[in-house]
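Data first, discussion second: the structure below is written as structure tokens.
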Amino acid sequence: MTNPAPRIHKRVDALSREQIVQATIRLLDSSGESALTVRALTEHLSTGRGAIYHYVTGKEELLEAATDGIISAALESPANVLGPRESLRHLALAVFDALTEHHWVGKQLAREPRQPAVLRIWKGIGAGLGRLGVSGSASADAGAALMNYLLGAAAQSAAASHHLLSDSDRQAYLEAFAAELTRSDSDAVSEQTAAALVEHDDREQFINGLNIFLAGIETGGDTSVRLSHNPLR
């Protein structure tokens, strides 16, 4: 009597694209972009290169997918049940907080404007502006302004949080910066700026600027001031 052929069991722990993306995010958060390689990822996941290349073509696609994973998670919210202004404010703060927490995302977003994460933010901003009644060229102008403000402020905060290891490091850095500012130029404006610099909070400052922007959109979203009349042009 012959023994039956052994059964071949499929692996129940086979990798998925989502698992690879989440492992990429963890690696980027802990070690930065320079540490992200396919080899490092295979070691982290205890798998082979083939399992990675089955889902992605290389490091650039990993970065793009990880960035989109962070942004899509940040934008998962009941924004549609908020008012138009509140939904835009919620979106901007969600992205700001995500970029501050994941310091590598700001650099990646600035790298390629056509990547899914950037388009996802643009779509959210456009929908919010539409709910505010802003359309046409005014929507394009306001959307670009908000995107530039959001990414610029968040990337600056993210860079600072990456280089400064603690609150005491941050405070020492700000005090040294303020001292240098007044040392090189001691007029009233410099002194006022230096004093505000030491005490300011990045997130609170971002919120204040965001509120100014949104108030301007609500009162002048039709961009009635013509460029030909702009003295700065």
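Assorted remarks:
- Qualifying residue in the range 107-129 (condition: under 10 Å from the mean Cα position of the chain (by Cα) and open to solvent by 30 Å² or more (accessible area, probe 1.4 Å)): yes
- Here Ser137 qualifies as exposed (fewer than 15 other Cβ atoms within 10 Å of the Cβ), assigned to a helix (DSSP H, G or I), in contact (Cβ under 8 Å) with a residue 12 or more places away in the chain and not aliphatic (A, V, I, L, M).
- Only listed residue being farther than 30 Å from Ile217 by Cβ and touching a Lys or Arg at 6+ places or on another chain (Cβ under 7 Å), chosen from Val56, Val38: Val38
- The single condition among (1) open to solvent by less than 100 Å² (accessible area, probe 1.4 Å); (2) at pLDDT 95 or above that Arg26 does not meet is (1).
- Residue count for the range 48-63, restricted to those that are of a type in the set (Val, Ile, Thr) and open to solvent by 10 Å² or more (accessible area, probe 1.4 Å): 1
- Filter pass, Asp68 being under 19 Å from Arg203 (Cβ atoms) and either of a type outside the set (A, V, I, L, M) or touching a Lys or Arg at 6+ places or on another chain (Cβ under 6 Å) (or both): no
- Scope the range 64-85; condition open to solvent by 10 Å² or more (accessible area, probe 1.4 Å) and at pLDDT 90 or above; matching residues: Glu64, Ala65, Asp68, Gly69, Ile70, Ser72, Ala73, Ala74, Leu75
- Residue identified as over 15 Å from the mean Cα position of the chain (by Cα), more than 26 Å from Leu151 (Cα to Cα), of a type in the set (Lys, Arg) and at pLDDT below 90 among Arg17, Arg11, Arg49, Arg39: Arg11
- Selection status of Trp104, modelled with pLDDT of 90 or more, within 13 Å of the chain's Cα centre (by Cα) and surrounded by fewer than 16 Cβ atoms within 10 Å (Cβ to Cβ): no
- Scanning the range 32-47 for residues that are open to solvent by 70 Å² or more (accessible area, probe 1.4 Å) and within 21 Å of Gly106 (Cα to Cα) yields a total of 1.
- Within the range 180-195, being among the aliphatic types (A, V, I, L, M) and either within 34 Å of the chain's Cα centre (by Cα) or at pLDDT below 70 (or both) holds for Leu181, Val189, Ala194, Ala195.
- Among the residues listed as Leu151, Leu174, Leu93, the single one being open to solvent by less than 30 Å² (accessible area, probe 1.4 Å) and modelled with pLDDT of 85 or more: Leu93
The values are calculated or read from the model by the stated rules, or taken from the named source; none is laboratory data. Since we're looking at a predicted model, the values are computed, not measured. Reconstructed Cβ throughout: ideal geometry from the backbone, glycine too, with neighbour counts over all protein chains shown. Please note that ligands, DNA and RNA were not included when accessible areas were found on the heavy atoms of the full protein model with its side chains. Shrake-Rupley method; radii C 1.70, N 1.55, O 1.52, S 1.80 Å.
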